[in-house]
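Colleague: The structure under discussion is supplied below as structure tokens; questions concerning it will follow.
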């Protein structure tokens, strides 16, 4: 699903590849990821994940709760018949790769944190064709997979929160 390392295995029709990069420039960090399909079979999943990201961006404004992003992402994913993988979050980013706040990809109404102007966050919905929202990591490995074998897609961009439309810092 994410955080795996490419091996010498050839890619085949039906494979899904997530490319996740974290550049360090002049002491600052950004974070971005895209998912590409080796086959048209998973095109709908990828389109859903990208549309869910855009829905989250529609909710990302100063003075709104952080959970508004997750609510928008989850609503879009469910509307299209897919599942949000809830074990991973977007996050604050700047001087370190993972800073506060966590940015869930699902609605968590108990979280009262607010977005503020100038906050830099990575928003990264992870979506599966399966029914389970859980993932697993093989012993000693980095590569994550869904517990039910569903295909997964991942999009991530770093944005700065403004009073209006978020400013994309990676794209």
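Colleague: Mind giving me the nanometre distance, one decimal, between the label points for residue 36 and residue 160, set 7 Å out from Cα along Cα→Cβ?
Modeller: Distance between label points: 3.0 nm.
Colleague: Give the residues of the stretch 113-131 whose amide nitrogen is closer than 20 Å to a point set 7 Å from the Cα of residue 11 in the direction of its Cβ.
Modeller: Hits in the stretch 113-131 for residue 11 at 20 Å: 125-129.
Colleague: Viscosity 1.306 mPa s, temperature 10 °C: give me the Stokes-Einstein translational D for the chain in µm²/s, with Rh taken as the Kirkwood radius over C-alpha pairs.
Modeller: It comes out at roughly 98 µm²/s.
Colleague: Is the shape of the stretch 10-75 best called rounded, prolate or oblate, per the rule: a/c under 1.5 gives rounded, else a/b larger than b/c gives prolate, else oblate, with a ≥ b ≥ c the square roots of the Cα gyration tensor eigenvalues?
Modeller: The shape class here is oblate.
Colleague: Does anyone have the angle between helix 43-59 and the longest principal axis of the chain? Alpha-carbon axes, 0 to 90°, nearest 10?
Modeller: Once rounded, one gets 10 degrees.
Colleague: Give the peptides 51-63, 110-122, 151-163 in descending order of average Cβ contacts within 10 Å, highest first.
Modeller: Packing order, densest peptide first, comes out as 151-163, 51-63, 110-122.
None of the figures in this text is laboratory data; all of them are computed from the coordinates on show. Here the structure is a predicted model, which means the values were calculated and not measured. Cβ: placed from backbone, ideal geometry, glycine included. Neighbour counts: every protein chain shown.
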